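Have a look at the structure below, then the notes.
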Amino acid sequence: MRKYVRLFALAVLAGAAIGIGGIVFLSLENKIVGALMFTAGLYSICVHGLNLFTGKVGYAVEQPKSYIIDLVIIWVGNLAGTWLAAMGVLGSRINGISEKAQSMCQIKVDDSLISLFILGIFCGALMYIAVEGYKQTKNPLILFVCVAGFILCGFEHCIADMFYVSVAQMWSARAFLCVVVISLGNAVGGMLIPMCKKI
């Protein structure tokens, strides 16, 4: 039980870190600068060993089936963390965040599920490259390149989207379905390279 409590707690912190990255992104007018600064969230996650779904799911290929339980707990913890970050900024003096997020989220909920799934795959692959690259080299540059890349391309990151939907106050059955589909796409993309290496 203690293992799962720790797993969940570190996942909540990871979700909050992504939420802070989202706040930075929404606060800046320059999309390129915003995309680069968003990476502060993932960098802090890697440095402190926090549990991010998109950073962990790629390693499911080499883990026992029980790892799926870990991933579900991490996903729920990430959701809680992004929601807490969203509620925090909504209760502050920072203005304009919610309105920006609403326009972004409307595009997502209006998109087709297959499109969201495909964009999730691309993002998942980049996230695996970023996390594995950092683990191998300890060079944060790969984090900035991959994260800024998926943001500027418009790829879908399920945990970032949890934050955007929360801060936009747009949760609905459709929004939840979109996040789940994106999560599945992130999972497929994240496992793509490890699976190919096992062939």
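The values are calculated or read from the model by the stated rules, or taken from the named source; none is laboratory data. Quantities reported herein were computed from a predicted structural model and do not represent experimental measurements. Positions of Cβ are generated from backbone atoms using ideal geometry, with glycine treated the same way; all protein chains shown enter the neighbour counts.
A few remarks follow.
- All conditions in (1) surrounded by fewer than 22 Cβ atoms within 10 Å (Cβ to Cβ); (2) more than 20 Å from S166 (Cβ to Cβ) hold for S92, with the sole exception of (2).
- Screening G22, G81, G77 for residues that are touching a Gly at 6+ places or on another chain (Cβ under 6 Å) and surrounded by 18 or more Cβ atoms within 10 Å (Cβ to Cβ) leaves exactly one candidate, G81.
- Qualifying residues in the range 129-180 (those that are over 13 Å from the mean Cα position of the chain (by Cα) and β-branched (V, I, T)) - the one surrounded by the fewest Cβ atoms within 10 Å (Cβ to Cβ): T137
- Complete set of residues in the range 131-189 that are aromatic (F, W, Y) and under 20 Å from V76 (Cβ atoms): F163, Y164, W171, F176
- Hey, L28 touching a residue at least 40 places away in the same chain (Cβ under 8 Å) and either buried (at least 24 other Cβ atoms within 10 Å of the Cβ) or not polar (S, T, N, Q) (or both) or not: no
- Scan of the range 1-15 for residues that are in contact (Cβ under 8 Å) with a residue 60 or more places away in the chain and either touching a Leu at 6+ places or on another chain (Cβ under 6 Å) or not in a helix (DSSP H, G or I) (or both), ordered by number: L10, L13, A14
Residue-by-condition table, conditions (1) within 23 Å of N95 (Cβ to Cβ); (2) at pLDDT below 95; (3) acidic (D, E); (4) not in a helix (DSSP H, G or I):
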| position | (1), (2), (3), (4) |
| --- | --- |
| A160 | yes, no, no, no |
| Y164 | yes, no, no, no |
| W171 | yes, no, no, yes |
| R174 | no, no, no, no |
| C178 | no, no, no, no |
| I182 | no, no, no, no |
| A187 | no, no, no, no |
| I199 | no, yes, no, yes |
